[in-house]
Amino acid sequence: MRVTSRAPARAGALIAAATAWLGSAAAHAGSESPNTSNGLNLPYGVTGLAHSIYDLHMECFWICVGIAVVVFGAMIYSLIAFRHSKGAIPDKTMLHSTKVEIIWTIIPVVILVVVAIPAAELIIKLEDAPPPDLSIRVTGYQWKWQYQYMDAAEGIDFFSTLKQDSNFARELHSGIDPASIPNYLLEVDHPLVIPSGTKVRLLLTSDDVIHAWYVPDFGLKRSAIPGFINELWFEVDPGKEGIYRGQCAALCGRDHAFMPIVVDVRTPDEFKKWVDQQKAASKQAAAVEPQPPPTARAESPVAGAGR
Ligand SMILES: [Cu+2]
């Protein structure tokens, strides 16, 4: 009696949980950015590399589905058709059969080779960076990112840190409901701005511990390691301008969860305008910046030498 009365309640709870999960996935899909994730599968992404990664992932997925159907199909059919109650007698002719052992070694090897060829091609494509149109040096710190532009945007240099409203809300006993903060823990003060339809190369390093720069919609994740420069490149499809979000993906210390990545993808024209604005603003700031008094400048090398 007990079992039968509890079962529907448990099933109801499971259905409710599944509905809530699907609901959150749908809400995620409908968020403000052109984020291509539906919360259930890999995002299709907005770069050629991300599309290739997605296609390979789906190819492997369908191979796995095919294997599962064949293996479980054979198992379930055998269990039913040759069950003991039907008077089935075990067939011992296949025990230690060399022929069978060769077959079940060769078939998985062929499947692995079929998967390994496109996987190797894709890895080469990921690593083989074409000459970039724009390079940006990215440095990870506990717990923020620094973006230093090169090439046509040379001189633009800023830090990207967690936005203040998220930072206040995350404090213990802050009294602020995190649900009231838009993009809670996924918003920064200064996003990385890049142009679409342009080959962008990031040169990743770190000033303290290992961090990792990860934006799922670009299909990319790479470690930022002190003393090393890692490279990654991408080209966002034209027409896919918008805000893309990611996070540091290497456990880098106490505030690891609080160094999100926000990329603002603009059209090449809008990006050029932004670069001009940034350059004009930094020129203005340099003109206004007070110069240190001459005595302080003369004294500092002496003070440094004495230490
Ligand atoms: Cu980090």
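The values are calculated or read from the model by the stated rules, or taken from the named source; none is laboratory data. Owing to the predicted nature of the structure, the values given are computational and were not obtained by experimental measurement. Cβ coordinates were reconstructed from backbone atoms using ideal geometry, including for glycine residues, and neighbour counts include every protein chain displayed.
Details
- In region 56-111, the residues that are touching a residue at least 40 places away in the same chain (Cβ under 8 Å) and either among the charged types (D, E, K, R) or surrounded by fewer than 10 Cβ atoms within 10 Å (Cβ to Cβ) (or both): E59
- Looking only at region 178-206, residues that are in a loop (DSSP other than H, G, I, E, B) and over 19 Å from I136 (Cβ atoms) come to 7 in all.
- Any chance A116 is away from the ligand (no atom under 16 Å from the Cβ), part of a helix (DSSP H, G or I), closer than 30 Å to S206 by Cα and not hydroxyl-bearing (S, T, Y): no
- Within the set S223, S282, the sole residue that is among the hydroxyl-bearing types (S, T, Y), at pLDDT below 95 and surrounded by 13 or more Cβ atoms within 10 Å (Cβ to Cβ) turns out to be S282.
- Residues that are part of a helix (DSSP H, G or I) and of a type in the set (D, E, K, R) within region 230-277 comprise D269, E270, K272, K273, D276, listed in sequence order.
- Cβ separations smaller than 6 Å between residues 6+ apart or across chains give the following pairs from region 150-164 residues that are touching a residue at least 60 places away in the same chain (Cβ under 8 Å) to residues that are acidic (D, E): T161/D189.
- Among the residues making up region 207-228, those that are farther than 18 Å from M150 by Cβ, within 15 Å of the ligand (Cβ to nearest atom) and in a strand (DSSP E or B) are H211, A212, Y214, V215, K221, S223, P226.
- Considering L126, L162, the condition of being under 30 Å from I181 (Cα atoms) and either of a type in the set (D, E, K, R) or in contact with a helix residue (DSSP H, G or I) (Cβ under 8 Å, 6 or more places away or on another chain) (or both) is satisfied by L162 alone.
- Criterion violated by I123 - all others in (1) touching a residue at least 40 places away in the same chain (Cβ under 8 Å); (2) part of a helix (DSSP H, G or I); (3) more than 19 Å from R245 (Cα to Cα) satisfied: (1)
- Identity of the residue in region 134-145, buried (at least 17 other Cβ atoms within 10 Å of the Cβ) and out of contact with any Asp or Glu (no Cβ under 6 Å at 6 or more places or on another chain), that ends up farthest from H211 (Cα to Cα): I136
- In region 192-206, the residue that is nearest to the ligand (Cβ to nearest atom) out of those that are of a type in the set (S, T, N, Q) and crowded, with 19+ Cβ neighbours inside 10 Å is S206.
- Residue pairs meeting the criteria (Cβ under 9 Å; at least 6 apart or on separate chains; first in a helix (DSSP H, G or I), in region 34-50; second surrounded by 15 or more Cβ atoms within 10 Å (Cβ to Cβ) and at pLDDT below 85): A50/T36
- Qualifying position, being charged (D, E, K, R), surrounded by fewer than 17 Cβ atoms within 10 Å (Cβ to Cβ), within 16 Å of the ligand (Cβ to nearest atom) and assigned by TED's automatic domain parsing to the domain that holds V200, among D237, D255, D269: D255
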